[in-house]
1. Just subtract the alpha-carbon distance of residue 208 and residue 167 from 0.36 nm times their residue separation and send over the number in nm, one decimal.
2. P(r) of region 103-173 in 10 Å steps, Cα pairs, percent per bin?
3. So what are the ³J(HN,Hα) numbers for region 44-52, from phi and the Karplus equation (6.51, -1.76, 1.60; θ = phi - 60°), rounded to whole Hz, Gly and Pro as x?
4. Rolling a 1.4 angstrom probe over the protein heavy atoms, how many square angstrom per residue are accessible across region 137-189?
5. Assuming 1.002 mPa s and 20 °C, estimate D for region 58-131 with Stokes-Einstein, Rh taken as the Kirkwood radius over Cα pairs, in µm²/s.
6. HN-Hα J couplings of region 138-144 from phi, Karplus 6.51/-1.76/1.60, θ = phi - 60°, integer Hz, Gly and Pro as x?
7. Looking at the chain as a GNM with Cα springs under 10 Å, which of 118, 71, 100 has the largest mean-square fluctuation?
8. Working out 0.36 nm times the residue gap between residue 189 and residue 91, then minus their Cα-Cα distance, what length gain in nm do you get to one decimal?
Amino acid sequence: IYVRSNSANDLQWTYPLGYGSDYNPLTISNVSNDVNGYLSIYLINSKHPLTDGTDNCLTKYVSLVHNGLNGTEFDAVYTYSDGDIPGIEGDLDEAGYLTGSGWVTSTSDPANVGYDHGTNTISLTDITSWGDLTLGESSGCFDGTLPDKYTVAAGNWNTGNTWNGGTVPAAGDNVTILHATITLNTSPTVGNLEITEAGDLYLYNRNITVQG
């Protein structure tokens, strides 16, 4: 789903996400601050690529990718399906929200990230960074080593706001393009390069050197 926003009301909806017979709505509410930009909402039918382990996390996750909506504050509620649960639902005891600072979880920040097994929901409150939302086990799911650089917004490669940490990848960094269209406006050299199923790299007649 792709949204062009000029006001809070442009973003405040229940978005009808789903796969097959599954209905996985995402509701965004209480939007404030910077509301002029673009928002892309993806429902990815696979385990999040930057979680650790194999069967300790929901098998679908939702991703919120912005272009220009820096510092927008909002609340959100995402509903997962019983079929997305590997094994026992009670084992999935930590919600995780991937931002430019890494995984923020219901353990590290319970006031802003939460979940409810009874309603199959994951919730965000007073959030100011768009990112990826999932539910996993507290033992290991969110403890893996993240790549040096991963995308947090759509845009040009050589723009800091495109990447976690607010800086562009340095030569030799391991890079993951998660769920954004990235345009090369330079000719970088990276270590490993991963482009996930919802990510795009537009070469724009430029070269990228992959050493990994």
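The values are calculated or read from the model by the stated rules, or taken from the named source; none is laboratory data. Computed from a predicted model, the values in this text were never measured in an experiment. Every residue, glycine among them, receives a Cβ derived from its backbone with ideal geometry; neighbour counts consider all protein chains shown. These accessible areas exclude ligands, DNA and RNA; they are computed on the full protein's heavy atoms, side chains included. Shrake-Rupley method; radii C 1.70, N 1.55, O 1.52, S 1.80 Å.
1. Result for the pair: 13.0 nm of gain on full extension.
2. Distribution as computed: 16, 40, 31, 12, 1 percent.
3. So the Karplus estimates, Gly and Pro as x, are 9, 8, 6, 5, 4, x, 9, 9, 9 Hz.
4. Details: 1970 Å² over 53 residues.
Per-residue accessible area for region 137-189 comes out at 37 Å².
5. For these conditions, the coefficient is 165 µm²/s.
6. Residue by residue, region 138-144 yields 5, 8, x, 4, 10, 9, x Hz.
7. So, out of 118, 71, 100, the one fluctuating most is 118.
8. Values: separation 98, 0.36 × 98 = 35.28 nm, distance 4.09 nm.
Gain on stretching residue 189 to residue 91: 31.2 nm.
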